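Take a look at the structure below.
The values are calculated or read from the model by the stated rules, or taken from the named source; none is laboratory data. These figures come from a predicted structure and were not determined experimentally. Cβ atoms come from the backbone with ideal geometry, glycine included; neighbour counts cover every protein chain shown. For the accessible areas, the whole protein counts, side chains as well, though only heavy atoms, and no ligand, DNA or RNA atoms are used. Shrake-Rupley method; radii C 1.70, N 1.55, O 1.52, S 1.80 Å.
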Amino acid sequence: MNGSSLTDKLLRFPPQTRLVNGRRLAYRLAGQGPAIVLLHGISSGSGSWVNQLEQLAADYTLVAWDAPGYGQSEVLANDAPSALEYAEMLHGLIEGLGLEQPLLLGHSLGAMIVAAYADRYPGRIRGLVLANPAQGYGHADADTQLRVYRQRPEMLRKLGHRGLAAARGPVLLSQHASEAQLELVAQGMMGLHFDGFLAASYLLAYDDIWNYLTGYGHRLGVIYGEEDVITAPTGVEQLIARHGRAMAVPLAGAGHASYIDQPERFNQALIRIDQTLLSSVSEVNNEF
């Protein structure tokens, strides 16, 4: 994040909007070449992908959406959505932009959405990548689900945007994160809207990634931070083992927002996974 300010960087990739299924959906666009669609997590937004938009644009078309209820995107009509409802909005965006066989990359809660999309439209994409994936609490007990549903929105209501960013921002990154990286995480939290945040919290609490991954028999990539304290490496490794066809790239020195913590190495991992998915090579060499 050296050089120009974060504001200047984001101005290079201003949000654009289009109607998708009758609702406004916002996204940032960069580059040319094979398409990669980037989905942020529950406390973030499209601007968090600025390093990917900058660094990968020479070789890829990058589309970073603001999920329904985030940024300039309208909230879903249903305030108790499943991942499939978000996936249908994603499908409308992919169709509307004319993206052919995109690679889908979902971070944290975004991983649940891309998994749902891949389950419903497996022939529409060239591959699936999960980054620090949230797996959801759809199979947890009712008390746990209610706690997960209420926790983050209540923090936003109590602390406000600045307080939430101060309290939660550092948790998303490694202990070695720079001020610029903390600023990028905070920028996403400052743009949260309560209704969208609440709907996404419902998704996290009451849906489960295995409602969709179980039916996805193709290979997938998984990138995760070894210092992640939100979606801990042990849980991610269990997902990798359970799926059986996942190519895993752990990133040392990266926390939950691994694509912000270690953008260059994250991007290298993403390119390598994309090439591997296309060529059907049996293993990814984890030299990142």
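I230: buried (at least 20 other Cβ atoms within 10 Å of the Cβ), within 16 Å of the chain's Cα centre (by Cα) and in contact (Cβ under 8 Å) with a residue 40 or more places away in the chain, yes or no?
Details: buried (at least 20 other Cβ atoms within 10 Å of the Cβ): no; within 16 Å of the chain's Cα centre (by Cα): yes; in contact (Cβ under 8 Å) with a residue 40 or more places away in the chain: yes.
The answer is no for I230.
Among what's in segment 233-252 and is among the β-branched types (V, I, T) and within 17 Å of Y137 (Cβ to Cβ), pick the residue that is most open to solvent (accessible area, probe 1.4 Å).
T234
Can you find even one residue in segment 180-200 that is in a loop (DSSP other than H, G, I, E, B) and open to solvent by less than 50 Å² (accessible area, probe 1.4 Å)? Give the derivation first.
Narrowing segment 180-200 to residues in a loop (DSSP other than H, G, I, E, B): 191-193.
Still in the list and also open to solvent by less than 50 Å² (accessible area, probe 1.4 Å): 191-192.
Yes.
Give the residues of segment 234-254 that are among the β-branched types (V, I, T) and assigned to a helix (DSSP H, G or I), sorted by residue number. It would help to see each step written out before you state the result.
The first filter runs over segment 234-254 and keeps only residues among the β-branched types (V, I, T), leaving 234, 236, 240, 249.
Within segment 234-254, T234, V236, I240 meet the criteria.
Quick one: would you say I271 is under 15 Å from L128 (Cα atoms) and of a type outside the set (F, W, Y)?
Criteria met by I271.
Counting only residues that are within 19 Å of S73 (Cβ to Cβ) and touching a Phe, Trp or Tyr at 6+ places or on another chain (Cβ under 8 Å), how many does segment 153-196 have? Write out each step before concluding.
Let us first name the residues in segment 153-196 that are within 19 Å of S73 (Cβ to Cβ), namely 153, 156, 161, 187-196.
Retained after the next criterion (residues that are touching a Phe, Trp or Tyr at 6+ places or on another chain (Cβ under 8 Å)): 153, 156, 191-193, 196.
Final tally of qualifying residues: 6.
Scanning segment 26-51 for residues that are assigned to a helix (DSSP H, G or I) and touching a helix residue (DSSP H, G or I) at 6+ places or on another chain (Cβ under 6 Å), which turns out farthest from I260 (Cα to Cα)?
Step one: list which residues in segment 26-51 are assigned to a helix (DSSP H, G or I), which gives 46-51.
Cutting the leftovers down to touching a helix residue (DSSP H, G or I) at 6+ places or on another chain (Cβ under 6 Å) gives us 47-48, 50-51.
Values: G47: 11, S48: 7, V50: 9, N51: 7 Å.
Among those that are assigned to a helix (DSSP H, G or I) and touching a helix residue (DSSP H, G or I) at 6+ places or on another chain (Cβ under 6 Å), it is G47.
Which members of segment 1-49 meet the condition of being more than 15 Å from L62 (Cα to Cα), polar (S, T, N, Q) and open to solvent by less than 60 Å² (accessible area, probe 1.4 Å)?
Result: S4, S5, S43, S44.
Would you tally the residues in segment 60-110 being out of contact with any Ser or Thr (no Cβ under 9 Å at 6 or more places or on another chain), in a strand (DSSP E or B) and not aliphatic (A, V, I, L, M)?
2
Could you please find all residues in segment 107-151 being small (G, A, S) and either open to solvent by 50 Å² or more (accessible area, probe 1.4 Å) or out of contact with any helix residue (DSSP H, G or I) (no Cβ under 8 Å at 6 or more places or on another chain) (or both)?
Those that are small (G, A, S) and either open to solvent by 50 Å² or more (accessible area, probe 1.4 Å) or out of contact with any helix residue (DSSP H, G or I) (no Cβ under 8 Å at 6 or more places or on another chain) (or both): S108, G110, A111, G123, A142.
Among what's in segment 56-87 and is open to solvent by 10 Å² or more (accessible area, probe 1.4 Å) and out of contact with any strand residue (DSSP E or B) (no Cβ under 9 Å at 6 or more places or on another chain), pick the residue that is nearest to P14 (Cα to Cα).
Only one residue fits best here, namely E85.
Filter segment 118-145 for residues that are outside any loop (DSSP other than H, G, I, E, B), within 21 Å of Y86 (Cα to Cα) and of a type in the set (A, V, I, L, M, F, W, C) and give the result.
Pass one, segment 118-145, residues outside any loop (DSSP other than H, G, I, E, B): 118-120, 122-124, 127-131, 136, 142-145.
Narrowing further to those that are within 21 Å of Y86 (Cα to Cα): 118-120, 122-124, 127-131, 136, 145.
Residues satisfying the conditions are A118, L128, V129, L130, A131.
How many residues, within segment 152-165, are free of Cβ contacts under 8 Å to residues at least 12 places away in the same chain and open to solvent by 70 Å² or more (accessible area, probe 1.4 Å)?
3
If we scan segment 103-119, do we find a residue that is aromatic (F, W, Y), within 30 Å of L182 (Cβ to Cβ) and under 16 Å from the mean Cα position of the chain (by Cα)?
Applying the first criterion (aromatic (F, W, Y)) to segment 103-119 yields 117.
Subset that is within 30 Å of L182 (Cβ to Cβ): none.
There is no residue in segment 103-119 that is aromatic (F, W, Y), within 30 Å of L182 (Cβ to Cβ) and under 16 Å from the mean Cα position of the chain (by Cα).
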